[in-house]
Structure formats: structure tokens, C-alpha cells
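Novice: Sharing a structure with you now.
The values are calculated or read from the model by the stated rules, or taken from the named source; none is laboratory data. This is a predicted model, so every value here is computed, not measured. Positions of Cβ are generated from backbone atoms using ideal geometry, with glycine treated the same way; all protein chains shown enter the neighbour counts. When the accessible area is computed, the model is the full protein with side chains, heavy atoms only, and any ligands, DNA or RNA have been set aside. Shrake-Rupley method; radii C 1.70, N 1.55, O 1.52, S 1.80 Å.
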Amino acid sequence: MKNDNKNISRRTFLKGLVLGGSLLGGVWGGLPWLPDMFKQRGKYVYPDRIENWPGVELRYSVCRQCRSDCGLEARVFRDTLLKLDGNPYHPNSTEPQLDYSVDPKTAVMAPIPHSLCARGQAGRQTIYDPYRVLRPLKRVGNRGSNQFKTITWEQLVSETTNGGYLFKDVPGEETRYVEGFKDLWLNGQGRFIPADPAHPDMGPGTNQLVIYWGRAEPGQNNFISRFASAFGTVNALPHVGICELNHHVATEQSLNGKVAMLKPDVNNAEYIIWFGAGIYTANFPMQTLARKVADAAAKGLKFVIVDVSAIPSVAHADKFVTVNPGGDGALAMGMVRWIIENHRYDAQFLGNTTIESANQTNEPNYTNASYLVIVDEKHPHAFKFARPKDVGLQVTSTDEDKPLALDASGKPYVFDQISAGQLWPTGDLNVQPIKINGVSLRTAMQILYQNAVQHSLSEYAQIAGVQEPLIEELANEFTSHGKKSVADFYRGAAMHTNGFYNGRSILTLNMLIGNVDWVGGYMQGGAAADFMGTGKNAPYHLMKWPNQPKKVPNGVKISREGTAYEKTSYYKNALAAGQSPFPAKRPWFPFGFGIWHEIFAGIWDGYPYPAKIVYQHMANPAFSAPPGMSGKQDESLPWFRMIKDLKKVPLFITDDIVVSETGAYADYIIPDSTYLEAWGALPGFPTTPTSVTGIRQPVVEPLMARTSDGRVMCFETYMIDVAKKLGMPGFGNNAFMEGGSLNQREDFYLKLVANVAYDSSDFNRVNALGELIKRGPVPDGSAAELASVQRWMKVAPNAVSPEQWRKVAYVIARGGRFEDYDVAYHGPKPGWLTHRYGAKGNLLQIYNENVGSTHNAVTGELFIGTGQSVPQKTMKGRLMDDIDLSSKFNYHLTTYKLPIHTQSRTMDDPWLRELLPESFIEINDLDAQRMGVTSGDTVRVISANYPQGLTGRVRVLPGVRPGVITFTNSFGHWQYGSGSWIVNGQTVSGDNQRNGGVRLNPLMRLDPDMLDSSGWGTCLEDPVGGGASYFDTKVQVVKI
Amino acid sequence: MGLEQVYWTLPIVAYPFISGLIAGSFIVGSLSKIFGQKQYEPLAKLSLLVTLAFILFAPVGPLADSRQPSRWWELYTRAHIPEAPMGLFTIIWTTYVIVVIAEIYLAFRAPLHQLSEVTPGWKGRLYHWLTLGSTGMSEMRLRREHKWLVILAGFGIFLAFAFHGYIGFIFGAIKARPLWHNALMMPMFITSAILSGIALMIIVYSIVFRYFSFHRKVDSALVDGLMKIMIWVLLVDLFLDVVDILNSAPVAYTDQATASGFAEIFLHGPLTGAYWIGQLGLLVVALTLALFRGIRTSPLWASVASFAALISIWFMRYNTVIGGQLQPKVSQGVVLYSPALFGRGSMQIVFGLFMFILFVFSLLLMVFPWDDEATKHRLFHSTQLTNHGEQNRSTNKILEH
């Protein structure tokens, strides 16, 4: 019994223990969630982490989902990117933006809209694309076989540097010796040995390293150029030729040869005509411009959209003018003619010969309208401005090279000796030349008018495809707002074979009323900080480095851009041999830059020298461009033929974020950073009247693999390692003039940020006297701001000095350096902008003597120095209308841009595909009726260039001009994280939803005059600017 | 936290585990009633209490894992079917709870009534209260109650299948996760549920009867019987696992997403050990042990084998719930996950859950007369004291049912 009792009490104790212990344990275990059972309804936990949550960091950087470079605000939690918004300090994203001095802690919850567009927000899906290339790949099958293996970083660097029988395991390449960087570098001597001894002016053998990129923005492109320069190649080439090149060339040649873009001061303009500019859906910066236009239109801005199909901004426009593709120049020149004949131009402004005389008449800049041009074709300086010597005038040596103008009495002077020059020396609207010492001369104005009267208004109307009264109406309205009218343009008008002249004609409209630098006029925008440190006070001169030999690199670019044919040994040798230097083997482009199709043509023809190593950064020519040369998985297209030719392209290295259509042909693929893992310094656009320098920084730890010493695998690390292996100056130890090494990209980019911090060019608020004052270096960052650079201080503690870190922190904590909003309109005279093109004494060129005296290297014809309406032609000057007859090819093929996509690279973002999963061939309803098709029907589109044609579904849209078909240009992928490829023997199948939609690029016309005997050729292009023609192909449309 | 996370964490692993135990223990408890296996009679009442303790906490896993558990009642006030498969859970669970409570009432009413008459004080009043004041002890009444008990047990078995089949279904129905989207999910979950329930009952029976029953004795024949049943269920479970591997691992037999997910997670990934050793290895260990008669008839060793089976089933739940989420939807590689010790979605919560269950089970054990021998003894003891022969006879009658 006793025992029993003991047992019972032991058991009771045990039971009590279990009961009490389990209850306690249960309650303790419920602590994390039980209290939530009693939350009041509505006070629940927000499922995402907002900006001011503990642990959430805001990091500012710059978007690159398109080229607008809007400031972005990345919300990061435990190094994961949660969300992308706009940077409230950046004027692209916010209007008015926060003052630069605002504490970032306040900015976190700034109650103002600071936006990114849909595309920008979807950037999160670009960085986290599951099909990214994160470690180096090497080709193991034939080019295009899509077979790769992963290799180590060391193998990548060593093989590409040293060369060798790199592909001996690939059938057909067993005995192919591939030259690496070492074979061009030749222990540093390669920079001094001509590639072609017969033409040493073409440059050294190191030029046979050809680097081109699709998108490398400031910072990154400076890094690539540094590598190229140090290696000794002039070939570090952007993509401008397939983008908007003719716009830039037309603008540069209308201005000082350097400024490539002006934009209307939308906030204050009264009347704007946009020719082919994609307002609301494209252009720069897309969201900023759209926001400004919508706002200004609501407040009274009148604007006209000139385009071949109705873009969304037509909804707010006062007028939609639908022109013939390429007819923009005719419309503009018709207006020029009307304005001149009705004396609606600003004669006083055009008569000013110098900046001083302009300023005296309250004009911020001046033109060369009154300068005299030699129009004697036989004169050795024909079509150049007349210098005193040319007409036998004696002047002092300082005045020898100055153009002449006539004073009111008709006497010639060098231009700066008189304040006003005559526009019409032989009578109003008279284009008869004057003669000085037997030399025939016309003023620039006379030449312009002479070119303007080549067609009557009705002819211009017919060429442009508009009604004649419209020209008068537009010209009348354009000249009825003083300086507050602007005619602006972009790709739609520019990317034709006549694009340069279209652009020159449109820019001439602005010069006739003298609207540049005026509030409400045409503006240059704020300046960017001197991030490369070329100025005096910059802490780091990044364009120089120790042991940099003079005149390296030198020679001619493989695309023959930036060099006048007339200055080459090819031209001079021919003349010396008594032969005609024309036609040159291929055209030369002294005014253009970044001409992709001519890079490829140079590689194909080995002219002016063959390429040995082709390095491609962030580009996708197999998919995107140039027109007609690629765009479909069809290896008979020129670009594929070139890249598959192992002799013409012995080594093809790319860096990319995925295995793209182009990557499929690469020998080596280096993992590239997405923009959210990259650095850069991004100037603003002229759309913004204040100074902008956005700083791009990796917002999270890059996803790419690391090298054995812990650096991020990316193209910068690759270039550094190749350079170090070769012993190139400017990399590794002792890489900067100010001391310090360049072993990782942060060593370079943080110095660039320091230069921005110490820049002293931008303005601060007005002082007590109402004047602007220079801001100087930024203040030191607070402790909280320093926290924003902690992670960089860990990575590269010695990249900048301790004092500089504080200023770098101030800049990075705000995402860049920005002038305050209210600085914009404080010019020294009423109505002048703060940042002015004319502030440095620049002039506007009604007539450009360099253009007017340069030959088309193929035909030998001279270009025209003013605006002009010319029809679409081949490089040899044959009319396209005579080649592709309208009777057969009765539609004009054009493209347009969507606001949710950018060329080749945004189709990897599912959010954007959800907005529009496929694309269409768009056609006017009258045309549709005539063909008997309705939306959803399939048609085949055929061009002379691509007779098998391409098919796609039709969308009938009344906004498309009859006779035009159009499509948007981001669809039709076949391999961009889609399709399939093989890595290490395993097939990777991508996301084929990226492959939807229509892509008609292969239809686009190759220049029939520039095909070689094998049928290889380049696209139609502008002979002056060099830009590719996207909009001059005529096609046949067949219902199927 | 990476770009992609494991959204359903440990409480959700515990959820199908606990649910499985309910289904299994309920079926074991019904063996004597439905299948006439009288030797399992001693388990009947005990398993009902186990079932109740576990079923009350079955929904706590998802509740603890949810962001707003305070809105639990909206499961009843808003339409969730067919949009949310989990809406089914509300219906099945609620029905199941009612059935289990009804069964407990029917099974315990008579002894509770008898005990209430012989037990003085608050305990007696509690027994009386638990009978809901029902005092009828006629043979007809008792027979009718038994009949209902059998009907409810049958319905309960159906519910057990539905309950666990549905859990398999909510995983199997999710097309977005290749490793879940598998028609085998339902049978696998049902089989493993029964397996885990048997294993649990072997352990609970062995412990409770060894330490807390009247005779403090475990019937090794009963354990042997349960173990034999367990062998068969183990074989089926292993078979399904093999079929699952054949369905998921070889590239030739399945879609690429499933094959690559299986390879990256279970063949050479973070859960390789959890799968091959934790899930399959322990299952084989349990099976091997169960094949020895000496082990089957030893409550201690049978419990060890059962425990191995239980742990294996826990791993199976873990591999399913967590493993399926380790396959990234938008990024490369695998999603990184290590279970939290404390806080949201942590081991702390799972520990608390089992502690609550233990608490409730202990409470039930203390209140309800689950041990027929003890009841008999108490009634007999009090009959002797009060010389109440009638009652003794009726006691025997009840216990025979």
C-alpha cells in the first residue's frame, strides 16, 4: 500500500510535470504568432517592406532600361532588390525635384511623385533573369551551334590573351591558330607597327582589335575607351549608326560640331513641331518629356506631331500631320521657303556676325548666315567660306583664316570686324552671286534660299505627302510666337538615306527665328559634371595615365568614321598617280560616329585593314540591327555570314547577361553586369534646363560569380586582367597620374564619383543680388550619408582619399549631382536660359563649309552645306523609287517604338510581356479594306531584298498613314533567355514566351549599289551622316 | 531573405505531419469497430483522445504561418471554393472535429455516467457534465450508441482519407511548382498518414499503457499486430516513393522542370541528405527492424522502429513543403533556406505546437476513462464499498461493447 501510494504520488507528480511543462512550452512556442490572433482588423501587417522599415535600405542609382537614364530609387532588404522607383533628387524622375541640399533621411519619405516608367520598374526582372550568364562560357561547337562549356576565369583570361589552338576540339578548327591580345600587343610594340605598311596612316596593328558596343553609357564607355586607348586601338565604337546618328550629325553640323542634341524648353514654349520624335512613347528622357508635354499642353502649349503613324501624343496634339516616310525635309524646306519669301525670319539676328554683336542686340548667339561662300566650282577652296586670301585681300596673320562678310556698304571684311553682315548683297531674295576679284561668292543665306527654291510649295507638299496650304499654315504659326516656337525631330525624320538633310532643314527653321538659348525656345540643357576630371580642379584626371605614349592610339577606325577620305593616303595616292580617287572601296564618314554596319563592312572587306579580335560589349546585332543585315535566324543574312567566317572574325568575344541571339556565335562569353550591378556617370538631356549627373552604382551585390581573389566577374575585371597580363599602362599598379592602382572596377569608378563631387561648374541658387553663384565641391557627407558608401569603403578603401570619401558619400547618398530646379531660368538677360549654347561664343551654321566641301567617297559628288530636300537614294545616288517600283512594292515599311520596351533587351521582363504579349503588322483601315484583311489576319510582307518575305498578324489602325505599314521593334526574339542552348553538355531550355511577335528587319533594304559579288552588303545608309536607313524600304503585302 | 524565399515554413511542415497523425491514429482506433479486430479494443478509446488532441491543433500550422491569423473566422464567412483549394480544409476539418467529438461522446458517455455516480466532489460533477446529463443505460440505448459509433467511425475513416487526400491535393494541384505538381501526391500523403498514425499509436500505446494504465502492462501481441500492419503500409509507402523517384528523377520520364528541380534539390542539393537518409533511409530502417519478430514484440524496440518511421514521415513532409519551394521560379540555382530557431516560421513554433498537443492530450488522459481496466477497477472498488451488484454487471456489459 505504501509502495502504491508512492507510485501514485510519483505518477501524479509526473503527470503534473507533463501537464504544466507542456502548457508552458506551448505558450512559449506560441509567442511569435499568438498575439497576432488578437490584432484589430485593418491594422494588419503590410506584406512588403516599405521604405522606412527597419533593415530596408534606399539606394539611389540610374536606370538603363532605356537610354533616358532616369534616377532610380532601389528598395533593398538584406541585399535583395525589392522594388524600383524614381529618385526624388533626379529631375528625370521628379518635377520639381528635391533641392540637392535636402537630407536623404527626409527624402526617404518625400511626399512627391518620383517615378520610373513601367519598363524601369520591371528592371528587377532583368537582374533576376533566371537565364543569366554568371560565369564565363567558351564555345565547344561551331559558331552558332549554341554549344558552350563553363570555364574558369583564369582560363578565359589566359586563352584570350595568349591565343593558340583554342578550338582544337571543334571539328574543322583543329589546326586553326587563334591570335590573342598578346599577338597584337607584341610586348607593347604593336602600337607602333602599321597594320598595312602600304597605308601607314590607317594606324597600327593594334587597331585590329575592334571593340564595339550596343549600350555602354558614360563611365562604362570611358572604361572601355581607356582599355582601347592603352592597348592602342582607335576602334572603341558605339552603336549610334543604327540608332539616331543622322540626328546627331545634322545637329552637330548645324552647331559647333560637338553638341549633338537640343530640345525644346517644353515648360515655356508656345508652339512646338515634332518631326518623327515619338513623344510620349520614346525620346529623351521618355517619362520626363512626356510629363512635361502633357503638363504644358494642359496649360496652353500648342504642338504638332509630324509622323507616319499616329503615336499616343497625337491625343494631346493640336495637329497631327501624317507625312510620307522621309518627306520631313520637304515639309521643312517648304516652310523655310515660305518663311524667307514672307520675310518672317529674324533678319537682325541672322545678320549678326559675332557673339558680341549678337549680345548687343540681346541675342544669346549668332549664325553664319551672312558669311560668304566660294561658289566657283573650280576654285581650290570651292564651297568653303571665303577667306581674305581666297579673294586677294590683305589682312593681318591673325585674321587670315577668318571668313568674310559684307558690311552695309557691300565691302568685304573678316566677319569679326563688322557687327552686321549683309544677307542679300544682290538684292532681297536675290541669289545672284557677287564677285570679289573674280571669285563668285554667295552668302550662306543666299545658298539656303537657292536650295529652298529648287521646289515650289506645291512640289514640296507633294513630296511630303501633305496639302500645300498646310505648309503655309505651319510656317505662319511657327513664326508667330517670337522665340517661343521650336521645330524638333528625331529618328523618324533622321534615319533615312536623306536623314541628314531632313535634319538640317528642320534645324534651319529654328535658326531662322533664332530661338536657341531662349526661355521657351530650343535649349542645350544643363551641363554634366566633369566626371573624367579633365578640368583643372578635378582630383583625378582619368583620361591620362602614367607611361601613356603620345599619339597612341592613332589611325583610322575600321568603319572609316571620323576621317575625311580626302585626307587619306588612298585619296592622295590616287591623285598622285593621276587617277580618280573615286569611287572608294567603301564610303567614308568624316561626320558620323559609331556606324555599326560600316564596322561590319570593314571587317568583311578587311578595309582599311582586317580585324583580328572582335570584342562586343552589351550588344545584339544578330537580333537588333543593322536593318536588313540580321533580325531573323537566317544565316544567309549578311551579319551571320560575317560572324561565321573564321578568317574575317578569327576571335569573337562578347560580354552579356544572357546567351543572346548574338551570343550564340561568340567564342567566349564573359558575364556582364546588368545596370543594377554596374557603375556609371550619366549626364542629363537637353530636355532638362539644369545640370544633371546621375551616378549609377550597383544596388545589390552583383549576381555574377567571383574570381578566385573575390572580384566580381564582369567586363571591367576582364579588361583589367588582360591588361595586367600584357603589362599595359593604365591598369594594375601605378595606373593613375595621381597614384594608386586599378585592380578592380571600383578603383576607377569611385574616382569618377570623386570628380563629380569636386566639380565646380554648376550653379547654386541666386545670391542677394539676384545672380547665380557657382556651387563648387559638394559639402562633406554626414555620418548617415557616409553609411551609404560603407560597402564601397570595404571593397576599395583606397580608391579615394579619406577626405574625398566624405564628398563621394554626399553624392552617392543622393544618386548623383543635380542643380536645383529654380536655377533653370536665370540667364544674364531677360528671356535667356541659364545654360546656353551661345555662352561660350558658339555660332549656328546656316551653311556648313566642312559638309559643303566634302565628297561622297563613292560617287565623288560634293555634299550640300545647308538644309535641302532630297529624295531617298542609294549610296551611288540612284533613286530608290526607280529601283523598287511602286507598281510592285506599294507599301512603305516603317517601325515605331513602344514605351514599354527598348530594342532587344527588355523582352526578358515578364511584367512587360504581360502588358503586350505579341506585336503586329499595323496597317491603315483603307489599305486593309483594299486588301480584304481585318485585324488578326495573317499577311506576308515581301521586299526586293528578302523575296521569301516574312509573315505576321495584322492590326488595323486608322492612325497609320495609308500606304505605310509599321511594326514595333522589340519583338521577334528567338534566343534571349529563350530557345535552347547547351552548357556543359546539358541542354538549357529558355522561356519561349520571350519569342512572341513580329520582326520585319530582314526585309529592310540592303543598298543594291553596295553589294559585293557574293551578294554581301550593308543596309541603305545616309551618305553624309552614315546612319542606317530604317524607313526607306518598299514592300509588297499579300494576304495569306 | 533572397529574391525568392521559402514562403511556407516549418509550421506548414508540421501541418500535414499532424494531419497525417490524425488520419492514421483514427484509423487505428477504428480497427476494432469497423474491421472487428477485437485485439485492438484497448486502443479504441486512447486513439480517439489522441485524434482529438491532434485535430484541435491541425489548423494551427497554417494559422501560425499566416500574416493575419486574426482573420481566421473569415474562413467561415467568405466563399473560398473553388478559388482556394484550402477552402476545402475548413469544411473537412470542421466536420472531422464534430465527428471526433461525437464519437468521443458516444464512446465515453456510459462509463462517464457510471463514474459520475461513484465519484464524489467536482470530479463527479465534471463526469456528469461531460455526459451532457444523459443517464440512460438500457441495453437498447447502449447498442444504439455502439451502432452510431461504428457509423461515425466509418464516416471518420472516409474523412481521414479526404482530410489527407486533400492535403496531397493542395500540393499536387499547384502547377506553378513542378515538384508539387504530381498526381502521386494524394496517395503518398494518405499512405504516409496511415503509416505515421500507426507508428504514433505504437509509441503512445507503449508509453501510456506501460506507465499510466491500471496494469502498467503493454500487450506485446497487440504491438506485434500493429507492427505487422505497419510493415504493409511501409511497403506501400516505399513503393510509392520509388514510383515518385522514377516519375521525377530521370530526364527521360518527366518534364525538364521536374527533373532539374529534383536533381538540384534532392540528387545533389540542399536536401539530398534529408531525402535519401532522412526520408528513405529511415523508412528502410523502420522496415528492416519491423521484420524481426523480437523487435515487433518488444514495446521498446517497436517504439524505436516506429519512431524511425515517424521521423521519416517528418522528413517527407519537410522535403515536400520546403523542397518544392527551393526550386526557384524566377532565378537561377536553388532558393536558400535554413529553418529559423526562433520567431516567425521557426522551430519554436513547431515545438510549441507539439507541447500544446501534449498538454491537451495529457488533460484528456486525466479526465476521460480511457483505460477500461482502470474503470472496471474503480467501479468494482466502489461497488464493493456500496455493494451495488447491478452496476457491476452493467459495467461489464459496457466494456464488452
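Novice: If you count, for every residue in A:13-21, the Cβ atoms of partner chains within 10 Å of its Cβ, what is the mean?
Specialist: Neighbouring Cβ atoms belonging to other protein chains average 4 per residue here.
Novice: Right, here's the next one. Pairs of alpha-carbon atoms within less than 8 angstrom and 6+ residues apart define the contacts here; what relative contact order does chain B have, in percent?
Specialist: Numbers: 548 pairs, mean separation 101.3, N = 401.
Rounded, it is 25 percent for chain B.
Novice: For chain A, what is the calculated [θ] at 222 nm in deg cm²/dmol (nearest 500), taking -39500 (n - 2.57) for each run of four or more DSSP H residues and dividing by its residue count?
Specialist: On the way: 29 runs with 258 residues, N = 1040.
Result for chain A: -7000 deg cm²/dmol, rounded to the nearest 500.
Novice: Related question: Within 10 Å of each candidate Cβ there may be at most 16 other Cβ atoms; applying that plus a DSSP loop requirement, which trypsin sites (Lys or Arg not before Pro) in the range A:65-156 survive?
Specialist: Listed in order of number, the matching sites are A:Arg78.
Novice: Separate question: Can you list which of the GluC sites (Glu not before Pro) found in the range A:894-935 are DSSP loop residues with at most 15 other C-beta atoms within 10 Å?
Specialist: Sites meeting the loop and neighbour criteria: A:Glu918.
Novice: Continuing with the same structure: Expressed as a whole percentage, what fraction of the accessible surface of chain B belongs to carbon and sulfur atoms when a 1.4 Å probe is rolled over the protein heavy atoms?
Specialist: Result for chain B: 69 percent of the exposed heavy-atom area is carbon or sulfur.
Novice: Need the C-alpha centroid separation for the range A:181-201 versus the range A:999-1034, integer Å.
Specialist: So the two Cα centres are separated by 33 Å.
Novice: Determine the order of A:Asp937, A:Asp328 by accessible area, beginning with the largest, at a probe radius of 1.4 Å. All intermediate terms of the calculation are to be shown ahead of the outcome.
Specialist: Working: A:Asp937 40, A:Asp328 5 Å².
Ranking A:Asp937, A:Asp328 by accessible area, largest first, yields A:Asp937, A:Asp328.
Novice: Can you tell me the orientation of helix A:328-341 relative to chain A, as the angle in degrees between its alpha-carbon axis and the longest Cα principal axis, to the nearest 10?
Specialist: 50
Novice: Okay, helix-only estimate at 222 nm for chain B: each DSSP H run of n ≥ 4 adds -39500 (n - 2.57), divide by all residues, round to 500 deg cm²/dmol; what do you get?
Specialist: Dividing the helical sum by the residues of chain B leaves -23500 deg cm²/dmol.
Novice: Separate question: So what's the range A:160-272 giving for Rg/Rh, alpha carbon basis, Kirkwood Rh from the mean inverse pair distance? Write down the numbers at each step before the final one.
Specialist: Details: Rg = 20.5 Å, Rh = 17.6 Å.
So for the range A:160-272, dividing Rg by the Kirkwood Rh gives 1.17.
Novice: Using the structure shown, list the pairs from A:Lys724/A:Lys751; A:Lys402/A:Lys557; A:Lys292/A:Lys319 with a Cα-Cα distance above 24 Å, or answer none.
Specialist: A:Lys402/A:Lys557
Novice: Among the aspartates and glutamates, select those whose C-alpha is under 19 Å from the C-alpha of A:Lys378, and discard any that sit fewer than 8 residues away in the same chain.
Specialist: Straight-line reach from A:Lys378, under 19 Å: A:Asp390, A:Glu566, A:Glu849, A:Glu861.
Novice: How compact is the range A:291-357 by the rule of thumb for globular proteins, expressed as Cα Rg over 2.2 N^0.38 Å?
Specialist: 1.50
Novice: Next question, about the same structure. What angle, in degrees between 0 and 90 and rounded to the nearest 10, separates the Cα long axis of helix B:10-34 from the longest principal axis of the Cα atoms of chain B?
Specialist: Long axis of B:10-34 versus the principal axis of chain B: about 40 degrees.
Novice: Next question, about the same structure. Just to confirm the filter: which GluC sites (Glu not before Pro) across the range B:1-102 are DSSP coil and have at most 16 other Cβ within 10 angstrom of their Cβ?
Specialist: Those that pass, being in a loop and sparsely packed, are B:Glu83.
Novice: Ignoring ligands, DNA and RNA, what accessible area per residue does the protein assembly as shown give at 1.4 Å, in Å²? Could the numbers behind the result be given before it?
Specialist: Working: 53150 Å² over 1441 residues.
Per-residue accessible area for the protein assembly as shown comes out at 37 Å².
Novice: Place a point 7 Å from the Cα of A:Lys299 along the Cα-to-Cβ direction; which residues of the range A:458-491 have their backbone N under 16 Å from it?
Specialist: Residues passing the 16 Å test: A:484-485.
Novice: Moving on. About the Cα centre of the protein assembly as shown, how large is the charge dipole given +1 on each Lys and Arg Cβ and -1 on each Asp and Glu Cβ? Please answer in debye to the nearest 20. Let's see the in-between values first.
Specialist: Details: 131 positive and 122 negative charges, 1008 e Å.
Roughly 4840 debye for the protein assembly as shown.
Novice: Ok, one more. The range B:332-357: which residues show an accessible-area loss of 30 Å² or more, assembly versus chain alone, 1.4 Å probe?
Specialist: Checking the loss per residue gives B:Gln332, B:Arg344, B:Gln348, B:Ile349, B:Phe351, B:Met355, B:Phe356.
Novice: Students sometimes get this wrong: rank B:His268, A:His247 by accessible area, probe 1.4 Å, all chains present, largest first. Before the final figure, lay out each step's value.
Specialist: Details: B:His268 135, A:His247 0 Å².
Reading off the accessible areas and sorting them downward yields B:His268, A:His247.
Novice: Ok, one more. Any idea what % of Cα-Cα pairs in the range A:678-825 are farther than 24 Å?
Specialist: On the way: 4369 of 10878 pairs.
Percent of Cα pairs beyond 24 Å in the range A:678-825: 40.
Novice: Let me ask something else. How far is it, in nm, from the label point at A:Arg878 to the one at A:Ala315 when both lie 7 Å from their Cα along the line to the Cβ?
Specialist: Result for the modelled spin labels: 4.5 nm.
Novice: Let me ask something else. Restricting everything to alpha-carbon atoms, can you work out Rg to Rh for the range A:890-1040 with a Kirkwood hydrodynamic radius?
Specialist: Values: Rg = 17.0 Å, Rh = 16.8 Å.
Looking at the range A:890-1040, the ratio lands at 1.01.
Novice: In square angstrom, rounded to the nearest 10, how much accessible surface does A:Arg955 have for a 1.4 Å probe?
Specialist: Surface open to solvent at A:Arg955 totals about 70 Å².
Novice: Return the whole-Å distance between the Cα centroid of the range A:529-559 and the Cα centroid of the range A:415-442.
Specialist: Taking the Cα centre of each part, the range A:529-559 and the range A:415-442 sit 43 Å apart.
Novice: Please state, as a whole number in µm²/s, the translational diffusion coefficient that the Stokes-Einstein equation yields for the range B:74-190 at 20 °C and 1.002 mPa s, with Rh defined as the Kirkwood radius across alpha carbon pairs. Display every interim value, and only then the final one.
Specialist: Working: Rh = 17.0 Å.
So the translational diffusion coefficient is about 126 µm²/s.
Novice: Taking a probe of 1.4 Å and counting only protein heavy atoms, give the total accessible area buried between chains B and A in Å², rounded to the nearest 100.
Specialist: Working: alone 18800 and 37700 Å², together 53150 Å².
It comes to approximately 3400 Å² buried between B and A.
Novice: Now for a separate question. Below 20 Å Cα-Cα, how many Lys pairs turn up in chain B? Only count pairs eight or more apart in sequence, or on different chains, if you could.
Specialist: Close lysine pairs under the 20 Å cut-off: 19.
Novice: Another question about this same structure. Which whole number in µm²/s is D for the range A:494-629 by Stokes-Einstein, with the Kirkwood Rh taken over Cα pairs at 4 °C and 1.567 mPa s?
Specialist: Reported coefficient: 67 µm²/s.
Novice: Still on this model: Would you mind pulling out the separation of the Cα centroids of the range A:148-176 and the range A:930-996, in Å?
Specialist: Each part reduced to its Cα centre gives a spacing of 36 Å.
Novice: Follow-up question, since we're still on this one. Sequence neighbours fewer than 8 away in the same chain don't count; with that in mind, list the aspartates and glutamates whose C-alpha is under 13 Å from A:Lys149.
Specialist: Excluding near neighbours in sequence, the set is A:Asp169, A:Asp667.
Novice: Just the C-alpha atoms of the range B:263-393: what Rg/Rh do they give, with Rh taken as the Kirkwood radius?
Specialist: 1.23
Novice: Report in % the part of the accessible area of the range A:182-330 that belongs to carbon and sulfur, leaving out ligands and nucleic acids; probe 1.4 Å.
Specialist: Ligands and nucleic acids excluded, carbon and sulfur reach 53 percent.
Novice: Take the Cα gyration tensor of the protein assembly as shown, multiply each eigenvalue by 5, square-root it, and list the three semi-axes largest first, rounded to whole angstrom.
Specialist: Semi-axes from the Cα gyration tensor: 81, 33, 30 Å.
Novice: Right, here's the next one. For A:Thr938 and A:Ser636, what is the calculated FRET efficiency with R₀ set at 22 Å and r taken between the beta-carbons, to the nearest 0.05?
Specialist: 0.40
Novice: Still on this structure, please answer the following. Specify the angular offset, from 0 to 90 degrees and rounded to the nearest 10, of the alpha carbon long axis of helix A:499-513 from the longest principal axis of the alpha carbons in chain A.
Specialist: In chain A, helix A:499-513 runs at an angle near 70 degrees to the longest axis.
Novice: Once the piece of chain linking A:Ser980 and A:Ile151 is laid out straight, how much longer is it, given 0.36 nm per residue of separation minus the C-alpha distance between them? Each step should come with its number before you reach the end.
Specialist: Working: separation 829, 0.36 × 829 = 298.44 nm, distance 1.97 nm.
Full extension of this stretch gives 296.5 nm more.
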